[in-house]
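Visitor: Submitted below is the structure of interest, expressed as structure tokens.
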Amino acid sequence: MLTVPRKISVAVTLLSLALWLLLLGPLEVQAADRPHVLALNSYNDGYEWSDDEMHGLRETLTRGFPQLELLIEHLDTKKFPNKKHFPQQADLLAAKYRKDRFQVVIALDNAALEFALRYRDRLFPGTPLVFCGINDYSPGMIVGRNNLTGVAEHHDMVGTLDMALSLHPGTRQVVVVHDYTDTGLAMARELSRYQEHFGGVKLRYLPDLPLEQSVQQLKSLPKDALVLLLSYSVEKGGRSFTQAQVAQVVSSASSVPVYAVHAAQLGKGVVGGRMMEGRIQGVKAAELALRIISGEKAQSIPVIDQNLSQAMVDDAVVRRFGIDPGKIPAGARIINKPVSVYAVNKTAFWTALAVAAAMLTALFTLYFSIERRKRLEKGLQLSEARFRQLFDNAGDAIYIHDFQFKILEANQSACDKMGYSHDELLQLSLYEINHPNQRERLPERLATVKKDGRALYESEHLTQGGEPIPIEVTSRVIDFGERPAILSVVRDISRRKRIERREKARLKILERMATSSNLQELLGEIVRFVEQESPGALCSVLLVDDSGTRLTHGAAPSLPDFYNQAVAGLRIEQGMGSCGTAAFTKQRVVVEDIENHPYWRNFKPARDAGLRACWSEPVLSREGDVLGTFAIYYRSCRSPREGEIALIESAAHMASIAIGRMRSEESRQKLEEQMRQMQKIEAIGQLAGGLAHDFNNLLTPIFVYADIAKRSFTPDDPNWKKLDGILVSAHKAADLTKKLLSFGRKQVLNMEVLELNDVISSLLDLMQRTIRGNIEIRTNLTGYGAPIFADRGQIEQILINFAVNAQDAIKGNGSIVIETGNVTIDDEFARMNPGTKPGPHVLLSFTDDGCGMSEGVLGHIFEPFFTTKPVGQGTGLGLATVYGIVKQHNGWVKVVSQVGQGTSFLLYFPRQAAKAKQEPAQPEPAAKIEQRDSCATILVVDDNESIREMALELLQSSGHHVLIAETPALALKLVEERDLPLDLLVTDVVMPEMSGPELYERLALLQPGLPVLYISGYTFDVKVHNPRQHKQVSFLPKPFTSEQFIAVIEKAIS
């Protein structure tokens, strides 16, 4: 036993400790001194039941904490039972209490509990929740909910009816009166489940009618009937009542006894029953709240689920119906009993009480001097106990030790965290509870505290079980008893260190992503990070394959190889394990017991690998697309603990970044390769077009002069056959240049609106005759039409080229399938496939089942002169020509092929809105050639000397006056100097200085109406036909014969 001075010294020390704790954690101490409590009242002020609850709640809370601040919010669901105002109510509370923190939130009745559970994470996250007055309660209502407890409201309707039937044994019918609110319906449902309990007694429930109409049915009840009144506060139509008002109305109308379950209805005409008081619910809820405020965890406090009802009767009503008082249950509360002796002799009673009080006062005065010292000592003990409670209830561990590191005192938190009892802890020193790697630093830290009076540092403690705990220590020098000591407040920073460690690992992984690490290595890093953070975890990443229907192996270094092989190729489908289901639903799938879960039925590799639990998180892109799954396996059945869900979500997010980045990189490289290939083909096309142009200039004189020379011989002359051979070879060379021009997209097209289906159908016979008879051609043409704007001859050329190539690829029997369809290219497809444009297109698909092509061949098939055929069996221009034609039609071509699997050519042409012409256009009647009295004056402009000489000779031989110019500038000068009227301009399209159309525009200003004939091997992008001068413009492609040249000349000048 301490002496009084010793006690005073200890009290002063603890008082100093309390003041310092106030400075260290003002928020916590204020919360302890004046707790803040929020009460959510389901109903309105003035409603008897909730008023009684609030009375018991407020009375009990105030008794425990006189300075407690109780805030009340009414949800008013009696007047607004549909609860549509809840979202606005939540917004209001969020605005009102955004800066407040409550020690506990109390929900009164079902509506308030529903509101609190729905919005607690938003309005008061982490705050303990206590409920009361909950009708129809079952443990399933709070399964999966943390940090809450409360009081169930069980109205003892069965007990009330049993009590009524025992008082009225001849009863055959019970009429049940209740309203149709949530509470009334819940009570009626609960009672109906006990129908069989009452044997032959029939329970009849009144329908949802206004109260006055309902009670009319009670006036003519038979004598073997009773009335049971449940909760009734709102009638049909919305008018509200108090429970007392309803009891008065029902009991006044009923010809038989009325029993009830609400204590507020006793004394209003009902006999009684096993009744529930709202005040008791409030008292019990307040007691739970006080335990939480005092430091207990809400989840450790069981829900009060027992029946709190009490038997009560009104003696006046009992006597009115002649009920035998001897049958009233023992211990029942009885009101309105006859006046007692106490009431008659109040004066004598109070006189005796006054005398007793005087005697007690005298005794108190007599012993006052003696008790004075006892009270002082008791006051000191109480003060010490109060400070001890504050010391022990602090959330952080607190140690008091001397300068030799001997522990002199420790609070309960220190004992709980370290795993020692209080007595065991006081036998130890700081050396023994510090981690070995921290012990040598204790003298240095002690010196800092002695010098500065305080110190703040991080360290590490070792629990009794050997588990290290990272801590933050705040120390200062105090007086303890009669000697100086050190007070250390020790805060567990395990969570903070865990977060720092996770963040460091996450940043490391992100840094590796930025340095273009291999995807499998990155996923392996993420897997190892999670396994390190969650001991016992075995992690796996599965990736969605290109088809989007299966999962392939990504990374799973800790799982057995045979298991990884078993899940590779897992279908994305509901019920296909945790991962297949998570990828299908895009939601987390937690399987706590693989052995008994339907998703894992008959999957033997999981059992062979010893896996018992699996949680799978879908890996989603920013757009919400499934990229894969991240799974955590355990070798024991278990559910996620606090923090583990956040860990798997973080891992899935990092995996999403890694997969998304790598796929973006692959897509970028693919696009770059496509662009390089397009630029390469474009460059070759430019070269091919230029060569064809020059080649056409060379061929034109050959055609003309050979033709002229041929006319000077008869068919039986040997020179005639030689010249004919020259012309045949020249025509073959001209065909070759046409193919080059097609690839270079330089030829002039005869564009019109075509129905592609008709073009294919009309060409089928020709294609079938062109290829071997053992190759079948099948078609699958769209029934919705395939209109395109195209040159019919060029489209036919494409089909013939494809058919010939397919024949070469098919060895033996085979088939060709030609299909058409209507597709819409979106922005994403256009972005991923350079050369395409968004919008509606017609798809032409040409597929064969031949030998197929390798990746190496596919990269060159559209290049001119590239061929896989033996020397002399192919020019290598077939597919190059197809490419050029498609491009000139503003289309796009794609090839899909695998060796041994055949080849598909997919051609996309812009869909034409106008319909194709159904009937062939009628040919225009031949223009009558005007007979000229004299020759025409013709200006020929071409930068190729052989073309100029050929034109001069042909035109002069036809009797025309010819002017020759090498360049457009010389032509303009010639016309201006001679001031001669021209009958025709013959000009090349592409020339130095200016183009042929530009020259014509200049000359047309000098001589309006001047006709022009363009001759060219190609047109590039120059518009030859000016709409305003359409009738004056003619065009003749090189190479041409002398007959073609003279015929076009005569037509142009006619």
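Each reported figure results from applying straightforward, stated rules to the coordinates on display, with no laboratory input. Fair warning: this is a prediction, and the values are worked out from it, not measured in the lab. Glycine also receives a Cβ, built like all others from the backbone with ideal geometry; neighbour counts cover every protein chain displayed.
Visitor: Going by average Cβ density within 10 Å per residue, which order do the peptides 283-294, 186-197 take, highest to lowest?
Guide: Going from most to least packed, we get 283-294, 186-197.
Visitor: Just grab the label-to-label distance for E855 and W350, each label 7 Å out from Cα along the Cβ direction, in nm (one decimal).
Guide: In this crude label model, E855 to W350 measures out at 10.7 nm.
Visitor: Let me ask something else about it. Greater than 19 Å separation of Cα atoms is the criterion. Which listed pairs, K297/K417; K811/K894; K219/K337; K973/K1051; K83/K297; K837/K887, meet it?
Guide: K811/K894; K219/K337; K973/K1051; K83/K297
Visitor: Arrange C579, C851, C935, C132 by Cβ neighbour counts within 10 Å, fewest through most, would you? It would help to have the intermediate numbers written out before the result.
Guide: Working: C579 25, C851 18, C935 15, C132 28.
The fewest-first ordering by Cβ neighbours comes to C935, C851, C579, C132.
Visitor: Please rank W600, W615, W350, W49, fewest neighbouring Cβ atoms within 10 Å first, as an exposure proxy.
Guide: W350, W600, W615, W49
Visitor: Rounded to the nearest 20 Debye, what is the dipole magnitude of segment 34-152 about its Cα centre when Lys and Arg each give +1 and Asp and Glu each give -1 at the C-beta? Spell out each step's value before the answer.
Guide: On the way: 15 positive and 15 negative charges, 119 e Å.
Here the size comes out at about 580 debye.
Visitor: Then there is this: Give me, ordered by chain and number, the residues 5 or more places off L206 or on other chains with an amide H under 5 Å from its own placed amide H.
Guide: Here the answer is V176, H178, since their amide H atoms fall under 5 Å of that of L206.
Visitor: Now, a different point. Y43's amide H: which non-local residues (gap 5+, or another chain) put their own amide H closer than 5 Å, with H modeled 1.01 Å from N in plane and none for Pro or chain starts?
Guide: Those qualifying (amide H under 5 Å, at least 5 residues apart or on another chain) are L75, D76, T77.
Visitor: Applying 1/(1 + (r/R0)^6) with R0 = 35 Å to the Cβ-Cβ distance of L203 and S252, what FRET efficiency is obtained, to the nearest 0.05?
Guide: Numbers: r = 23 Å, r/R0 = 0.65.
Once the sixth-power term is evaluated, E becomes 0.95.
Visitor: Bin width 10 Å, origin at 0, all Cα-Cα pairs of segment 34-152: what percent of pairs per bin?
Guide: Spelled out per bin, shortest first, that is 13, 47, 36, 4.
Visitor: Taking the Cβ-Cβ separation of Q532 and K378 as r and a Förster radius of 41 Å, what is the calculated FRET efficiency to the nearest 0.05? Each step should come with its number before you reach the end.
Guide: On the way: r = 56 Å, r/R0 = 1.38.
With a Förster radius of 41 Å, E is 0.15.
Visitor: Follow-up question, since we're still on this one. Go through I632, P605, V591 and say which Cα lies farthest out towards the positive end of the charge dipole of segment 589-643; charges sit on Cβ, +1 for Lys and Arg, -1 for Asp and Glu.
Guide: Toward the positive end, the furthest listed residue is P605.
Visitor: Evaluate the distance, in nm, between pseudo-label points positioned 7 Å from the Cα of F603 and of E460 along their respective Cα→Cβ axes.
Guide: Here the modelled spin labels are 3.8 nm apart.
Visitor: Non-local amide H neighbours of T779 (under 5 Å, H modeled in plane, Pro and chain starts lacking H): which ones?
Guide: I818
Visitor: Between R483 and E444, what FRET efficiency comes out of the Förster formula 1/(1 + (r/R0)^6) with R0 = 22 Å and r the beta carbon distance, rounded to 0.05? Don't skip to the answer; put the middle values down first.
Guide: Values: r = 23 Å, r/R0 = 1.02.
Efficiency for this residue pair is about 0.45.
Visitor: Just subtract the alpha-carbon distance of D717 and N750 from 0.36 nm times their residue separation and send over the number in nm, one decimal.
Guide: Length difference between fully extended and current span is 7.9 nm.
Visitor: Treat each spin label as a single point 7 Å out from the Cα along the C-beta direction, and report the E424 to R319 distance in nm.
Guide: Calculated label separation equals 6.8 nm.
Visitor: Additional query: So between R63 and A358, what do we pick up on full extension, going 0.36 nm a residue minus the alpha carbon distance?
Guide: On the way: separation 295, 0.36 × 295 = 106.20 nm, distance 2.88 nm.
Gain on extension, R63 to A358, equals 103.3 nm.
Visitor: Next question, about the same structure. Quick check: residue separation of R778 and S845 times 0.36 nm, minus the Cα distance between them. What number comes out in nm?
Guide: 22.9 nm
Visitor: Expressed as a whole number of Å, what is the distance separating the alpha-carbon centroids of segment 114-147 and segment 289-317?
Guide: 17 Å
Visitor: How would E500, E533, E277 line up from fewest to most surrounding beta-carbon atoms within 10 angstrom?
Guide: Details: E500 12, E533 17, E277 21.
By the 10 Å Cβ count, ascending: E500, E533, E277.
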